[in-house]
Protein chains: 2
Amino acid sequence: MDVLRKGWFTESCEMWPGGTFSFEVKEVLCKEKSQYQDIFVCNTKSFGRVLVLDGIIQCTEKDEFSYQEMISFLPLCCHKNPEKVLIVGGGDGGVAREVAKHPKVKEIVQVEIDAKVIEVSKKYLPFMAVGFNSEKLTLHVGDGFEFMKNHSREFDVIITDSSDPVGPAVNLFQENYFALMKSALKPNGIVCSQAGTFWNDIELVTKTLQFCRNQFPAAAYAYASVPTYPSGLIGFVIGSLDPNVKFDSPQITFTKEEERQMNLRYYNSDIHKAAFTLPTFIRNQLA
Amino acid sequence: MDVLRKGWFTESCEMWPGGTFSFEVKEVLCKEKSQYQDIFVCNTKSFGRVLVLDGIIQCTEKDEFSYQEMISFLPLCCHKNPEKVLIVGGGDGGVAREVAKHPKVKEIVQVEIDAKVIEVSKKYLPFMAVGFNSEKLTLHVGDGFEFMKNHSREFDVIITDSSDPVGPAVNLFQENYFALMKSALKPNGIVCSQAGTFWNDIELVTKTLQFCRNQFPAAAYAYASVPTYPSGLIGFVIGSLDPNVKFDSPQITFTKEEERQMNLRYYNSDIHKAAFTLPTFIRNQLA
């Protein structure tokens, strides 16, 4: 947090040396240290409220919807009947907010390791924490890794909304994590994990996709535009137990009226397909 | 250029208040003032060589290919037979480099207003300035606006590779510029202009697309991922004199071997289609 100077916050992370994003802070709302990480929330000149964990931007009020909608609706819409969903992480509530919108979802279980992130989000980030109000949701504070050891063949979709693989989330990018998710899935289940971007983290993307491919008969990489993330993108690794899944052909499409009712601002069926369409250099790299 | 401190360059532009990108500089190669603008070239820790005009990042060695390929191949591949192409701007040579690759292009005319940018690019940015070596190219130093007044019904495709609408490029975002391009096109001709991004410049995008729609029977907005541009994207407004053009269905598709021979690292036929696929909020805004 020592990078807050002259009213500007500058992101700082060993993963992305040599380039960084800064935003102008209007008001610091929260600066705490939890058991797991530094938590920083502020109001900004141009991005609304912003959540920062361990010096890394997690979400801004301006653009969080693209990330939350895509990490939720990409896997949900690849599944024929995503009735029961597990969210690992997602302590700001934004993914729960999105998953609850899907008409076929009946039950959501969420396991977030850091109670402090939930508490801070409820207090300062109500536009995301509104997700915790869903009647579909059961929220646990705990380790998603440990939780899944006791929950086999239970979920249709597992979404891992983690921070980057430095700090508490490092275990969520290993192959045994994908194996564990596989064991917690019902037949034809689907997983979706945040997985870095092809511009800055090509080794991380390649490795994470390989872990997923080792465990799942079908796996793919997708991405979405999020301006305040490094390189302006976020990537997802998606795996399915259904070897015949067609990731880029959603099982359900919404009308414009349904999109409006669900307040979907980024996701639509065409964007779903486009999200799996890769620039040549990364298509060749991941082939 | 006063934002270069402690070995880091920070972008500064009135168009995007409250957020900014910085990169670490290894070596300053050029710092000059031309008749039109401040020119700054440096070598960086993580982005290779970088060209900055009037404090705004124009291109970095790491990611310039996505911009150059897309602003060139999107319009070229929307045209059945793009034999003669006009490039307005593009003083670094990168667009000429890409346009020359297209198998149907026979003749390229380029009009760049700032001779100093060409000179500096030839000296310090050979990976882009190599475009000036094409035998297909005739390069003029002058005002593209004035040039087109004397060249009617001459070009199949006009690509405007300008800086942002502050400084010398401001005229290239007006409706009379689109009218002038229209007059310089052959029947079924196509134009493509850099046009801001939907996250930061939504009014600019909306206005520029409207200007294009007012002049052309078919017009659309597309975008590509360029990490070092604000919001990590760049947008394009494309107009065609052919009312039946299908912008998202390229007229020519390349094999992987052809992509490799042309050193296309970003553009492919699937990315072409995806580039016109808009997130819901901007699809609705531009409808």
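The values are calculated or read from the model by the stated rules, or taken from the named source; none is laboratory data. Keep in mind that this is a model prediction, so the values were computed, not measured. Every residue, glycine among them, receives a Cβ derived from its backbone with ideal geometry; neighbour counts consider all protein chains shown. When the accessible area is computed, the model is the full protein with side chains, heavy atoms only, and any ligands, DNA or RNA have been set aside. Shrake-Rupley method; radii C 1.70, N 1.55, O 1.52, S 1.80 Å.
Do we find a residue being over 16 Å from residue A:270 (Cα atoms), touching a residue at least 40 places away in the same chain (Cβ under 8 Å), more than 14 Å from chain A (Cβ to nearest Cβ) and crowded, with 19+ Cβ neighbours inside 10 Å anywhere in region B:217-227? Within region B:217-227 (the criterion being over 16 Å from residue A:270 (Cα atoms), touching a residue at least 40 places away in the same chain (Cβ under 8 Å), more than 14 Å from chain A (Cβ to nearest Cβ) and crowded, with 19+ Cβ neighbours inside 10 Å), the answer is no, since none of the residues qualifies.
Figure legend. Inter-residue proximity from region B:36-58: first residues on the phi > 0 side of the Ramachandran plot and more than 14 Å from chain A (Cβ to nearest Cβ), second residues among the hydroxyl-bearing types (Ser, Thr, Tyr) and open to solvent by 10 Å² or more (accessible area, probe 1.4 Å), beta-carbon distance below 6 Å, spacing 6+ or different chains. Indicated pairs: B:55/B:12. Scanning region B:98-122 for residues that are open to solvent by 40 Å² or more (accessible area, probe 1.4 Å) and among the charged types (D, E, K, R) gives B:101, B:104, B:106, B:107, B:116, B:119, B:122.
Output yes when any residue across region B:65-79 is at pLDDT 95 or above and farther than 18 Å from residue B:222 by Cβ, and no when none is. Checking region B:65-79: not a single residue is at pLDDT 95 or above and farther than 18 Å from residue B:222 by Cβ. Here B:63, B:92 are screened, and the one residue that is under 11 Å from the mean Cα position of the chain (by Cα) and closer than 24 Å to residue A:280 by Cβ is B:92.
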